[in-house]
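The values are calculated or read from the model by the stated rules, or taken from the named source; none is laboratory data. Just so it is clear, the model here is predicted, and its values are computed rather than measured. With ideal geometry, Cβ positions are generated from the backbone for all residues, glycine too; neighbour counts draw on all protein chains shown. Quick note on the areas: whole protein, heavy atoms, side chains included, nothing else; ligands and nucleic acids left out. Shrake-Rupley method; radii C 1.70, N 1.55, O 1.52, S 1.80 Å.
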Amino acid sequence: MLIFFKLLGSLALLMFGMKSMSDALQKMAGPQLRHVLGAMTTNRFTGLLTGTLVTVSVQSSTATTVMTVSFVNAGLLTLAQAISVIMGANIGTTLTAWIMALGSSFDISIVSYIGFFLGIILIYMKKHRYVGDFLFGLGLLLLGLTTLRLTGNEMDLGHNESVLSFFQSFDPDSFWTTLVFLLLGGVLTFCVQSSAAVMAITMLLCGSGAMPIYQGIALVLGENIGTTITSNLAALSANTQARRAALAHLFFNIFGVLWILIVFRWFIDGIIWVVDYAGNNFFGQDMAHMDENTKLTFTLAAFHTGFNVINAGILIWFIPQIEKFVCWVIKPKKVDEEEDFKLHFITAGFMKTPELSVLEAQKETQAFAERMQKMFNMVKDLLNESSSLTGKKQDDEKFNAIYSRIEKYEGISDNMELEIAKYLEQVSDAHLSDDTKSKIRAMLREISELESIGDACYNMARTISRKYNAKQDHFNEGQYNHLHQMMGLAENALTQMNQLMGGRKESYDVNRTFNIENEINNYRNQLKAQNIVDINNHEYTYAEGTVYMDLINECEKLGDYVVNVVEARMGTRQRNAT
């Protein structure tokens, strides 16, 4: 029982160490990695190379896949480019197997202790704490591998009769045995949610001589499929492009398994020969005199790399066909964009890492801002429609239809604020870099102010509706001109805001927004004074003047909310609405 818990604990150390390394690397280089993904995927070959390098850097094919899907959602990458990047991620993740092969074959515990020592020093140095997190994660990974190797030696699986009899009960030459272990590898990976853990167990069994290499490689093949099943299930609640990317991942892994099964024995014998030849001619006496069972761990790593490199080399020529296939299988949902309350970029079930989730939240906030400008344009349409009090039924129906859409948009704005805020709260529970924390704080301010813009639009719509339903007299020509001019300034402010939300803040001149706000404030003050004069001159009644100024004041408030959004995005001091 003690040995069993040592085995589980060493696997837990290994998995947690890999997660810590990946998270630390993403904190250090997350924005740069996203920039690399966007800039280096001009064709399928650079996409493949980029996916490989990024995955090698962050030690997580899942993180690479999530970044890629986020860019597809944002329209920065096509689905074809995303497929090539995910192919590259399949190659990059094979580095993990080589690290495990080294850890299970050599005593690298001293490296783990050095990692702990340097890591804890750097963690307490605020400037370099992410490097410390990485070194500490590396130490945990190597310690887990060392403990796993020692536990395997303790268990002496190569001389355990019950273990040996279990594997010997399968006919090593039977094709069905290969299929059984392939299925077992897929199920194990799906259950433990970690391909690294299954690879470590496979290396332990093969390295101890308990499991034949052919059955071990069948487990590795199953692990390749099991890890894609996990992402496909997680993507069920995601948007269409995310599900297509996950299906493409599943497709080319299944394709690879199918062709490798045809040449299974010959391919593995070739890999064994390559490992023996390399060990005898290039890696010195240590490798040349290594026992056969230990060499099997390097054979597993070499097979994992060779399989994924050849599979990518075949399928990279058929990316357009794969894209057409997944688009044919997964059709886009037919929904009315105006009535769709679901968030488009934030996907509830899709696997992601905290640092990379910020990109999805930013895109959702941008979509929120664009919707609020659409809502304001509806208010302008409502004002224009209210100017015709003909009493015709079709005019009333058109007016009510516009007002109903504005009401629905008010509900959408409330839901979007709550859902984005809830998502950001979940992300903020993780360990984040200071830069990411500041982005989350800014986005929380942005969505609050965007919801206030929605409230201002709804308040104007209700004011116009009350006037229309009461069958009050029209505003005079001067009032309409002033309202249209004020709304034009407000729309200009919203347009400038959306340019900032959709672009880079370094290239945005914030003075443009401040100048528009000053124009709005000055014009409001001018109209306020003119309104008193016009009422005294009996140009219109006091009640009509009140409704008129309510609309003017709501436009002015909307301009203040826009300024607050811009200041939150730019990282400057927030002003109070006046």
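Just need a number here: residues in the stretch 247-302 that are at pLDDT 80 or above and of a type outside the set (Phe, Trp, Tyr). Give the derivation first.
As a first pass, look at the stretch 247-302 and keep what is at pLDDT 80 or above: 247-275, 296-302.
Then drop every residue that is not of a type outside the set (Phe, Trp, Tyr), which leaves 247-250, 253-254, 256-258, 260-263, 265, 268-272, 274-275, 296-297, 299-302.
The number of residues fulfilling the criteria is 27.
Listed here are the residues, each with its yes/no results for (1) surrounded by 24 or more Cβ atoms within 10 Å (Cβ to Cβ); (2) modelled with pLDDT under 75; (3) assigned to a loop (DSSP other than H, G, I, E, B).
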site	(1), (2), (3)
Phe16	no, no, no
Met28	no, yes, no
Arg34	no, yes, no
Thr52	yes, no, no
Thr65	yes, yes, no
Gln81	yes, no, no
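Take the residues in the stretch 526-541 that are free of Cβ contacts under 8 Å to residues at least 40 places away in the same chain and under 20 Å from Asn459 (Cβ atoms); name whichever of them is least open to solvent (accessible area, probe 1.4 Å). This residue is Asn531.
On the given criteria, is Asn476 out of contact with any helix residue (DSSP H, G or I) (no Cβ under 7 Å at 6 or more places or on another chain) and open to solvent by less than 80 Å² (accessible area, probe 1.4 Å)? Criteria met by Asn476.
For the stretch 503-512, the criterion of being among the aromatic types (Phe, Trp, Tyr) and either in a helix (DSSP H, G or I) or at pLDDT 90 or above (or both) is satisfied by no residue at all. Take the conditions (1) over 30 Å from Lys126 (Cβ atoms); (2) part of a helix (DSSP H, G or I); (3) open to solvent by 50 Å² or more (accessible area, probe 1.4 Å); Met486 misses just one of them, which is (3). When each of Ala97, Ala101, Ala89 is tested for being free of Cβ contacts under 8 Å to residues at least 60 places away in the same chain, open to solvent by less than 50 Å² (accessible area, probe 1.4 Å), out of contact with any Cys (no Cβ under 9 Å at 6 or more places or on another chain) and aliphatic (A, V, I, L, M), the lone residue that passes is Ala89. All of (1) at pLDDT below 90; (2) part of a helix (DSSP H, G or I); (3) under 41 Å from the mean Cα position of the chain (by Cα); (4) surrounded by fewer than 21 Cβ atoms within 10 Å (Cβ to Cβ) hold for Asn576 with one exception: (2). Annotation note: Cβ proximity below 7 Å between a residue of the stretch 106-125 that is assigned to a helix (DSSP H, G or I) and a residue that is polar (S, T, N, Q) (sequence gap 6+ or interchain) occurs for Ser109/Thr146; Ser112/Thr146.
Quick one: would you say Lys334 is open to solvent by 80 Å² or more (accessible area, probe 1.4 Å), at pLDDT 90 or above and of a type outside the set (A, V, I, L, M)? Steps first, please.
Values: open to solvent by 80 Å² or more (accessible area, probe 1.4 Å): yes; at pLDDT 90 or above: no; of a type outside the set (A, V, I, L, M): yes.
No.
Kindly list, by first and then second residue, each pair from a residue in the stretch 293-320 that is closer than 17 Å to Leu49 by Cα and of a type in the set (S, T, N, Q) to a residue that is assigned to a helix (DSSP H, G or I) and open to solvent by less than 10 Å² (accessible area, probe 1.4 Å), limited to pairs with Cβ atoms under 6 Å and residues at least 6 apart or on different chains. Listed by first residue and then by second, the contacts come to Asn311/Gly256. Any residue that is open to solvent by less than 30 Å² (accessible area, probe 1.4 Å), touching a residue at least 24 places away in the same chain (Cβ under 8 Å) and small (Gly, Ala, Ser) - is there at least one of those in the stretch 492-505? Within the stretch 492-505 (the criterion being open to solvent by less than 30 Å² (accessible area, probe 1.4 Å), touching a residue at least 24 places away in the same chain (Cβ under 8 Å) and small (Gly, Ala, Ser)), the answer is yes, since at least one residue qualifies.
Scanning the stretch 429-468 for residues being out of contact with any Leu (no Cβ under 7 Å at 6 or more places or on another chain) and open to solvent by 30 Å² or more (accessible area, probe 1.4 Å) gives a total of 16. For Leu142, the test of being under 25 Å from Asp434 (Cβ atoms), part of a helix (DSSP H, G or I) and either open to solvent by less than 40 Å² (accessible area, probe 1.4 Å) or in contact (Cβ under 8 Å) with a residue 24 or more places away in the chain (or both) is failed.
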